[in-house]
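Working notes, structure below.
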Amino acid sequence: LTNVRSFSPCTAKAYKYSLLGFLSFFGDKNVSLIDKSSVEDFTALLNNKTNSRGRKLSAKSKNLTLNALRSFLSFLRLDDDKIFDPKKVLLLKVDMGKTVKVLSSAESFSLLSVYDTSTIAGARNQAILLVFLTTGLRVSELCELKRDNVVGQDSFEVVGKGLKTRTVFLSNKAKTAI
């Protein structure tokens, strides 16, 4: 998976773990015998499974496993269209009640005021923080950024998760700081 679809090693490891769980559940049966009933039985097993802390798996964790199963079935269907249709593997509803926590304006200004911009290091650090706060870059993307690629630019491209490229726009304050 890491070579074929550019997944991170952690994603490939999670897929492997999920598939091994299903194959262990399904046993030595021929994969062409996978049907709706066996997928429903596996889903029931996931609903009763607990994690290493003794808690029931979250819907997100169960869906990760079910998505791995869907991908596996899609792969198998490339050679045999009699394999159970992966679109029939139903995912669980995930509670979207969690909200993203963001810094308030006061917290952002407080962070930015920490640096003594009369020094080169302070000005540099404040510019880095401004770019981070105003662009939505991931920390890993910020670390890969080269100053020469953004100086004098209104926008630039970054390669993010899954090797997907996206355009990021700089605020006027970030451009001035750089």
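The values are calculated or read from the model by the stated rules, or taken from the named source; none is laboratory data. Just so we're clear, the structure is a prediction, and the values are computed from it rather than from any experiment. With ideal geometry, Cβ positions are generated from the backbone for all residues, glycine too; neighbour counts draw on all protein chains shown. Remember, those area values only see protein heavy atoms, side chains included, never the ligands or the DNA or RNA. Shrake-Rupley method; radii C 1.70, N 1.55, O 1.52, S 1.80 Å.
Packing around the peptides 51-57, 107-113, taken as the average count of other Cβ atoms within 10 Å per residue, puts them in this order, highest first: 107-113, 51-57.
Of the residues L142, V39, S171, the one whose Cα sits farthest toward the positive end of the charge dipole of the chain, with +1 on the Cβ of Lys and Arg and -1 on the Cβ of Asp and Glu, is V39. Amide H contacts of V150: none lie under 5 Å away among residues 5 or more positions distant or on a separate chain (H built 1.01 Å from N in the peptide plane; Pro and chain starts excluded).
To put it simply, the accessible area of the range 99-160 at a 1.4 Å probe is 56 percent carbon and sulfur. Helix 59-77: angle to the longest alpha-carbon principal axis of the chain, degrees 0 to 90, nearest 10? The angle comes out at about 60 degrees. In terms of its alpha-carbon gyration tensor, the range 8-77 comes out oblate; a/c meets the 1.5 threshold, while b/c is at least as large as a/b. For the chain, the per residue solvent-accessible surface stands at 73 Å², with DNA, RNA and ligands left out and a 1.4 Å probe. So which of K49/K161; K49/K87; K16/K175; K49/K82; K62/K146; K60/K82 end up more than 32 Å apart by C-alpha? Too far apart for the 32 Å limit: K16/K175; K62/K146. Only one item in (1) 20.3; (2) 17.6; (3) 18.1 matches Kirkwood radius over Cα pairs in Å derived from the coordinates shown, and that item is (1). What the Cβ-Cβ distance of K13 and L103 gives, at R0 = 35 Å and to the nearest 0.05, is a FRET efficiency of 0.60. Only the Cβ atoms of Lys and Arg (+1) and of Asp and Glu (-1) were treated as charged; on that basis the dipole of the chain about its Cα centre amounts to roughly 400 debye. Overall, the anisotropy analysis places the range 103-178 in the prolate class: the square-rooted eigenvalues a ≥ b ≥ c of its C-alpha gyration tensor yield a/c not less than 1.5, with a/b exceeding b/c.
I need to check one value: relative contact order of the chain, counting alpha carbon pairs closer than 8 Å and at least 6 residues apart, in percent. Provide the component values of the computation, followed by the final result.
Details: 150 pairs, mean separation 28.2, N = 178.
Computed value for the chain: 16 percent relative contact order.
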